[in-house]
1. Using +1 on the beta carbon of Lys and Arg, -1 on that of Asp and Glu, and nothing else charged, what's the dipole of the chain about the Cα centre, debye to 20?
2. Quick one: divide the alpha-carbon radius of gyration of the stretch 344-626 by 2.2 N^0.38 Å and tell me what you get.
3. Please list 3J(HN,Hα) in residue order for the stretch 280-292, calculated via the Karplus relation 6.51 cos²θ - 1.76 cosθ + 1.60 where θ = phi - 60°; whole Hz, with x for glycine and proline.
4. Name the residue from 686, 603, 253 whose Cα lies farthest towards the positive end of the charge dipole of the chain, charges +1 on Cβ of Lys and Arg and -1 on Cβ of Asp and Glu.
5. How many angstrom separate the Cα center of the stretch 176-190 from the Cα center of the stretch 355-432?
6. For the chain, what proportion of DSSP beta bridges, expressed in % and rounded to the nearest 5, is antiparallel?
7. Quick one: if you stick a label point 7 Å off each Cα along the C-beta vector at residue 703 and residue 105, how many nm between them?
8. For the stretch 559-673, treating each Cα as an identical point scatterer without solvent, what Debye log10 I(q)/I(0) comes out at q = 0.11, 0.12 1/Å?
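The values are calculated or read from the model by the stated rules, or taken from the named source; none is laboratory data. The model shown is predicted, which means the values in this text are computed figures rather than measured ones. Counting neighbours? That spans all protein chains shown, and the Cβs are built from the backbone with ideal geometry, glycine included. Side chains are part of the model used for accessible areas, which takes the heavy atoms of the whole protein and leaves out ligands, DNA and RNA. Shrake-Rupley method; radii C 1.70, N 1.55, O 1.52, S 1.80 Å.
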Amino acid sequence: MSTVNEPELGDRPRRQGLARRIAGRKLKIFISVLVIVGMVFAPIVSIVLNQNSALSGSEGNDGTAIEVTETAATATTSNGPFSLNTASSNLTVVQKTGLITVYAQTYSLTVDYRTGGYVTYKIQPYFTSDYIVYRRVNPAGPGDGTVDQYNKAMDYVSMTISKWGRSGSTVWFLESCSQFSLTQSFTFYKDYMELDTTYAPGTSKVMTTYFVGEYSAKGSMYNLYSDGKNHRYVPGYPENWPKANGLGGWYPSYLMYAPAMDVRVPGRQLGVEWGFSDTEAYISSPVWTKDMGGGGESFIALKYTSLDCKVPSIASGVKETFHQFIRPYKYTDGLAQGHDEGYAQWVSSKIVKTWGSHSTDIFPLTFGNMNNWDSTIRSYVEGSQITVAMQSKNTDQINWNYKSAQQMTPTSKAVPSAWALYDSAGHPYKNTNGYYVASAASSAYRNYLINQDQYNSWWWGSTGVFFDQCDSINGYNQLLSDYNTKPMFVYDGFLNLAKEARASGYWNYIIMNSYTAQLHLSMVCDLTLVEGWKAVPSYNTDFRSHVISTMLFVNNIPDQYRPHIAVYQNYVAGSDQAAVYSAVFGAARYGFCVELLSYSSFSSQIHNLQMAENMFKAMGASRHKDPTITPATLDTASEGTSLTTNKQVIVVTGSGSPVIKETGVYSKYMLTNLWSATKSFTLTLPAGTYVASGGMTISSTVKNSDGTVKLTGTILKEATGTITKK
């Protein structure tokens, strides 16, 4: 099996007062890779069927009618309009021996099973001669393609389409050999396809790998790094992820927020989004192949096998269906990477349908300090706009108590064997603190957490509950497969814990911490955490790139489903102020909630809380309302001092003096200075007479020849000021 280089996982300490996190480990990801060479497809003639026909090819038809009840919705992405649940206006199937083509409104799908023992699925968007190929991997190295339960290579199998059929907008193909089969069921929409792939063992139990690659009209594989830029994106992985490092793998994982990729052909217009709605799924890059161009970093790898409380669980031999989204799209923004905009809308709607969603509006500054609050901090917090405040006695705020989701209370208490997670046969798993771990996949353990803990009179006394250590992986980024039989994987257990805790009636606000962000968990509970923005000496965890990548995806999720993610910035007052400014600035730019966590004196923290509170209030947030205004942001330390914007709110950090041209017409404008000194500014506004307040002063006003007004002035350190039109 091919091995790729990975960075160190790094120290993973918990917040002070909580259980220590997994210590630094070497992060190892073993990734299969697959490549694809261009294919010439013969002209298609023969049977043509209209959209409404019930199709039966010579291979047979076992399909049943599918009724689509979802409501169509159209949204504008950076690459043009995207319609969710909008049916293709036409669907025509053309068949020839060994070759079937489905013509939809904006693309076609050709299934070629004529030769070679491999079935090739070619997706051809009509706006380009370039195309996408989806096919089983013929690996360059053993173990990267199809393996059985003993990890023995089975790449010799020869697969074909033994049956196919159509029902309404769905066309399915049974790709099979005697050893196993995959039913590839495509449902066609105007702008995308849904692919349900059902793996079923035959004479063997296997895990098989497929690849996705992009090709020219001449059949040449496109190199996604041909221009020196990274054209692959996985939500949660840093956008500048090194080419040599493995990208993705099994979800849920350390950095992968969602099991999806977005890849673009360099210098062309073809992009493709490909992702899963499943709670466990495999998507990665690279994968190398013997054919189809060799693949490597230019291929997406997908795996299909059996799953249960172990992931993967090849030997269990159970049938498993994986639910996928495929969107070929035309990109015209000139950017190297897309951010799965269509997939974000699709997958969030699927999660809501299966798990529900909770996206309670909150003020985006949270306060979870576990030290005993003194009167000064209590007075400030309880009188502020903050919504989620751990020890608050203000009934209009959400207080919470802490509860580990994997350890008994007290931790010395023995874990019943039926609840325990086993990391190998007969071996209970211990975390790095030396405690045996109970698995949320056990319904009895979830019931204990909610109803039977000896301190429940205390747990039940808060509005919210904070479930910590919702870990699905260990320190090596390996999934916590359970060799002590449970009805589900541990990640699904955490999702059920969130639902059951809410249904209990004890709490109406659920917070969960999985260390880094994960899509399903963030949608099922009210608030999830990322344990770090910028590294500081007291907490050496830097997740800035992970958070930015995550939010570039999250902000494509529709407002009504969009999850709240709180990012921790640990700091020591007096020495880590730059990190505080960075975190608050990041919250303004990318839209996450922020927790400024310090165990310095409360009096030394209040100025930072006030700074963040005032900024978020300018953005339209209040105790029961998310921000309503997206600000313009400028970091004068790295982005220069000039800014032209039509935004009503402007947030500036760095030591430089900004020169801002405002093109939007508003009755007032707000400026936040996230810096430790008074800042000079030059602000050009539409015609009018203006007055300043809130720490801002205007020293000069000049009327320009075009009627605009140039204001020169200052704003105090850490202030949010207002300029109002008289």
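1. Charge dipole of the chain: 720 debye, to the nearest 20.
2. Against the compact-globule rule of thumb, the ratio is 1.00.
3. Once rounded to whole Hz, the list reads 10, 6, 10, 8, 7, 7, x, 8, 9, 10, 7, 9, 6.
4. Ranked along the dipole, the leading option is 686.
5. Centre-to-centre (Cα) distance: 43 Å.
6. 75
7. Result for the modelled spin labels: 5.4 nm.
8. Those come out to -0.38, -0.45, one per q.
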